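Inspection log for the structure reproduced underneath, given as structure tokens.
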2 protein chains.
Amino acid sequence: MAPRELHRVAIIGSGNWGSAIAKIAAENTARHSDLFQQEVPMWVYEEQVNGENLTTIINEKHENVKYLPGVQLPVNLKAVPALIDAARDATMLVFCLPHQFIPNICRQLREAKVTGAGAFAISLTKGVDVTGDRIKIFADVIEEELGMPCCALSGANIANEVALNKFSETTIGYGTRSEGELWQKLFHTPQFHVQIIEDRAGVSLCGALKNVVAVAAGFCDGLGWGNNAKAAVMRIGLLEMKNFSMEFFSGVKAETFVQESAGVADLITTCFGGRNRLCAEAFVKTGKPFEQLETELLGGQKLQGVATADELHQFLKARGRVGGYPLFHVVYKISHENLDPAKLTAHL
Amino acid sequence: MAPRELHRVAIIGSGNWGSAIAKIAAENTARHSDLFQQEVPMWVYEEQVNGENLTTIINEKHENVKYLPGVQLPVNLKAVPALIDAARDATMLVFCLPHQFIPNICRQLREAKVTGAGAFAISLTKGVDVTGDRIKIFADVIEEELGMPCCALSGANIANEVALNKFSETTIGYGTRSEGELWQKLFHTPQFHVQIIEDRAGVSLCGALKNVVAVAAGFCDGLGWGNNAKAAVMRIGLLEMKNFSMEFFSGVKAETFVQESAGVADLITTCFGGRNRLCAEAFVKTGKPFEQLETELLGGQKLQGVATADELHQFLKARGRVGGYPLFHVVYKISHENLDPAKLTAHL
């Protein structure tokens, strides 16, 4: 039998989570040399750190000192400042970027036409893309922009814990099983368990919608309502996540939400840790608007749960379905229309 | 139409949770005077507090100063030191006792024959009753001992939060819907939401099995493994709870575990608060045996999760099914057979 072509993996993005998952991928390309080329290029948006290029630092020190400090990266992970160079000949593209960058990055890649034959992608990007009464997951955006199949990965994955090799699980949703299995080979380790399921939309939506529930959980914490109320809000939130996904996306499976790491487990992690919970708690306790808290606590980054609550509201209003999702609605009303947070459970 | 006979409610038990639920019940008998006699007797195991009878204190101060201090109880809730007097003419009996007392209390009630015609019961008792290869829920034990139908109530219900009127939810599993609806009338308030479902066994088993998962969650905390690992253990635990219940009890519904307060919500509350988590964390951090921690942290009370892990192990061994439940098994091995806690996830 002729030797099979080895897959070339490229990581598009190099933030906290991107660097952590790039570390695992590069460890595994070395481990599975029958499947993957060992070298893994990672596109790094070039910036200066103490007068040096971040890519230079990463390639010399094997550490992303800015976004994943203190973690040794494999020597076969190579920081690349030019997007097109990073993606050249790649057959497996890992997208781990803030969602607002996806369309532009995809356009550059499409025009450059540098990826390898039969390339396919995976999206680690959270969020949903809403325009009027139309909603999309980013795996679909990538599929359409690049004309290549795109899986989705999401799970209870605090990046630093994964990078430090603490036990974690994640979920990959695939369209074609053979692609799901290749992604599993690339990411699975004894300390990072990867389950693959045929539910791209479910996995993607878990990652987007959980942030809205985490805002509600943070309101509970801010109000001092205790563990019973917070657990109730999480339970109702998980149901709304499931019902919303099954109502507006075809092929979504109920089990994804209640059995997989992307579902119930990530919801738990996000509602007890995470910036959405933190800022929502501060919102109630300090009375400061979210814009101010984003500046003070997140260096100006938009809080994903609050933004997603707004997008969901616009979408549900356009569809005439606001009433079907009382928890999503009350999070929107509190965060965008000055409803008293103490009304959180009044209509659940 | 002739006026319907009013139901007479009796609370059997007066600990922390018993007193909290008695408060709600007595508030609701006053609210629904078309259904219930207003007076609610509560059986209190008599003891001395500062030289006075606890029943006297409760009836004079309307406060259970020993088990629910600081909470005003309704004046129509009446502490009664004699079990038989408390149960006399009762048609709705609420059992809220540690499980080891259930058989003896039921025997006394059966022999006294004082309950009203058509009486039925509800069990708030946690745990399972295992003998060899036979397993029972306490709602069934009560049904058999007393010859009356028995529902089950369980949920994300930290007693003090419920008593302080903080928002909470709970689940009642019924055999006959009309009974479930009467219990709902007795317990539902705007701040304590009661869902009723046709799944007595599922509700009961959630309350028992979650404690085993909470022990595993506490091990994670003790090991410092972080949020990803803890969420993974909880996810796997929830699946084993569901699978175990559906394998060994007929009529159990999968949704009970993943949609109801008794399921996922109570699991969350128990794995983040609760004595099982606390003692399991201390077990790892201090290396002290559980017997010693029970003495030091629980005043000698048995830790329910550790005891249940042992009972499940005996039962699963008798059935030849130990291998089907790796998380339950590893909790047993760590807590009863000195397995290194760091092996927690080795076989999941």
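Tabulate in residue order the Karplus-calculated ³J(HN,Hα) for segment A:34-47, using 6.51 cos²θ - 1.76 cosθ + 1.60 with θ = phi - 60°, rounded to whole Hz; enter x for Gly and Pro.
Once rounded to whole Hz, the list reads 7, 10, 10, 5, 5, 5, 10, x, 10, 6, 10, 5, 5, 8.
For residue B:7, which sequence-distant residues (separation of 5 or more, or a different chain) have an amide H within less than 5 Å of its own amide H, given hydrogens modelled in the peptide plane?
Hits under the 5 Å cutoff: B:36, B:37.
Determine the calculated [θ] at 222 nm for the protein assembly as shown from helices alone, applying -39500 (n - 2.57) to every DSSP H run no shorter than 4 residues and normalising by the residue count; nearest 500 deg cm²/dmol.
-15500 deg cm²/dmol
Which residues does the label zone of residue B:319 cover in segment B:252-295, counting backbone N under 18 Å from a point 7 Å along Cα→Cβ?
Residues B:252-257 fall inside that zone.
Any idea of the total accessible area buried by the A-B contact, 1.4 Å probe, rounded to 100 Å²?
Working: alone 14900 and 14900 Å², together 26810 Å².
When A and B are taken together, about 3000 Å² of accessible area is lost.
Could you quote the convex hull projected area for chain A, Cα atoms only and averaged over all directions, in nm²?
Mean projected area for chain A: 17.7 nm², to one decimal.
Let me see the P(r) profile for the protein assembly as shown: every Cα-Cα distance counted, bins of 20 Å, each bin given as a percent of all pairs.
The distribution over the protein assembly as shown is 17, 46, 28, 8, 0, given as percents.
Projecting each Cα onto the charge dipole of segment B:224-348 (Lys/Arg +1, Asp/Glu -1 at the beta carbon, about the Cα centre), which of B:264, B:251, B:324 comes out farthest on the positive side?
With unit charges placed on the Cβ atoms, the residue in question is B:324.
Over chain A, what is the relative contact order in whole percent, taking alpha-carbon pairs under 8 Å and six or more residues apart?
Normalised by residue count, the contact order of chain A is 14 percent.
Non-local amide H neighbours of residue A:151 (under 5 Å, H modeled in plane, Pro and chain starts lacking H): which ones?
Placed amide hydrogens put A:121, A:122, A:123 under 5 Å from residue A:151.
Report, for the protein assembly as shown, the % of DSSP beta bridges that are antiparallel, rounded to 5.
Working: 20 of 68 bridges.
Antiparallel: roughly 30 percent of the beta bridges in the protein assembly as shown.
What average number of partner chain Cβ atoms lie no more than 10 Å from the Cβ of the residues making up B:164-171?
Rounded to a whole number, the mean comes out at 5.
Can you tell me what percent of all Cα-Cα pairs in segment B:108-221 are more than 23 Å apart? Write down the numbers at each step before the final one.
Values: 2397 of 6441 pairs.
When all Cα pairs of segment B:108-221 are counted, 37 percent exceed 23 Å.
Measuring from a point 7 Å out along Cα→Cβ, what nm distances, shortest first, does residue B:116 have to its partners in the other copies?
Result, one decimal in nm: 7.8.
Nm distances between the label at residue A:49 and the same-position labels in the remaining copies, 7 Å along Cα→Cβ, shortest first?
6.0
Considering the options A:101, A:196, A:45, tell which one lies farthest towards the positive end of the dipole of segment A:9-198, charges being +1 on Lys and Arg and -1 on Asp and Glu at the Cβ, about the Cα centre.
Comparing the listed Cα positions along the dipole, A:196 ranks first.
Within a 10 angstrom radius of each residue's Cβ in B:238-245, how many Cβ atoms of other chains show up on average? Whole number is fine.
Taking the mean over all residues of the peptide, I get 1.
Net charge within 12 Å of residue A:214 by Cβ-Cβ distance, Lys/Arg positive one each and Asp/Glu negative one each, not counting residue A:214 itself?
That works out to +2.
Would you tell me which residue of chain A has the beta carbon closest to the rotation axis bringing chain A onto chain B, and how many whole Å away it is?
Residue with the nearest Cβ, plus whole-Å distance, for chain A: A:258, 2.
Between segment B:267-292 and segment B:25-76, what is the C-alpha centre distance in whole Å?
Using only Cα atoms to place each centre, the spacing works out to 32 Å.
Tell me which residues come under 5 Å, amide H to amide H, from residue B:192 once H is placed; ignore anything under 5 positions away on its chain.
B:168
When we measure straight from the Cα of residue A:78, which lysines land under 19 angstrom away, once same-chain ones fewer than 8 places off are left out?
Once the sequence-local lysines are set aside, what remains near residue A:78 is A:23, A:61, A:66.
Can you give the Rg/Rh ratio of segment B:197-256, where Rg is from the C-alpha atoms and Rh is the Kirkwood radius?
Working: Rg = 12.9 Å, Rh = 12.1 Å.
Looking at segment B:197-256, the ratio lands at 1.06.
Which distances, in nm and shortest first, link the residue B:299 label point to the same label point in every other copy, taking 7 Å along Cα→Cβ?
Distances between equivalent label points, in nm: 5.1.
Stokes-Einstein at 25 °C, 0.890 mPa s, Kirkwood radius from Cα pairs: D for segment B:1-159 in µm² s⁻¹?
Working: Rh = 16.1 Å.
For the chosen part, D equals 153 µm²/s.
For the peptides A:135-142, A:80-87, A:24-31, B:105-112, what is the packing order when you average, over each peptide's residues, the other Cβ atoms within 10 Å and list the highest mean first? Numbers along the way, then the final one.
On the way: A:135-142: 22.6, A:80-87: 18.2, A:24-31: 20.9, B:105-112: 15.9.
Going by the mean number of other Cβ atoms within 10 Å, highest first, we get A:135-142, A:24-31, A:80-87, B:105-112.
Working from the pairwise distances between different alpha carbons, so that the mean of 1/r is found and then inverted, what is segment B:206-343's Kirkwood radius in Å?
Hydrodynamic radius (Kirkwood, Cα pairs) of segment B:206-343 is 14.9 Å.
The values are calculated or read from the model by the stated rules, or taken from the named source; none is laboratory data. Everything quoted here is computed from the prediction, not taken from an experiment. Cβ sites come from the backbone with ideal geometry, for glycine too, and all protein chains shown count toward neighbours. Surface areas here come from the heavy atoms of the whole protein model, side chains and all, with no ligands, DNA or RNA. Shrake-Rupley method; radii C 1.70, N 1.55, O 1.52, S 1.80 Å.
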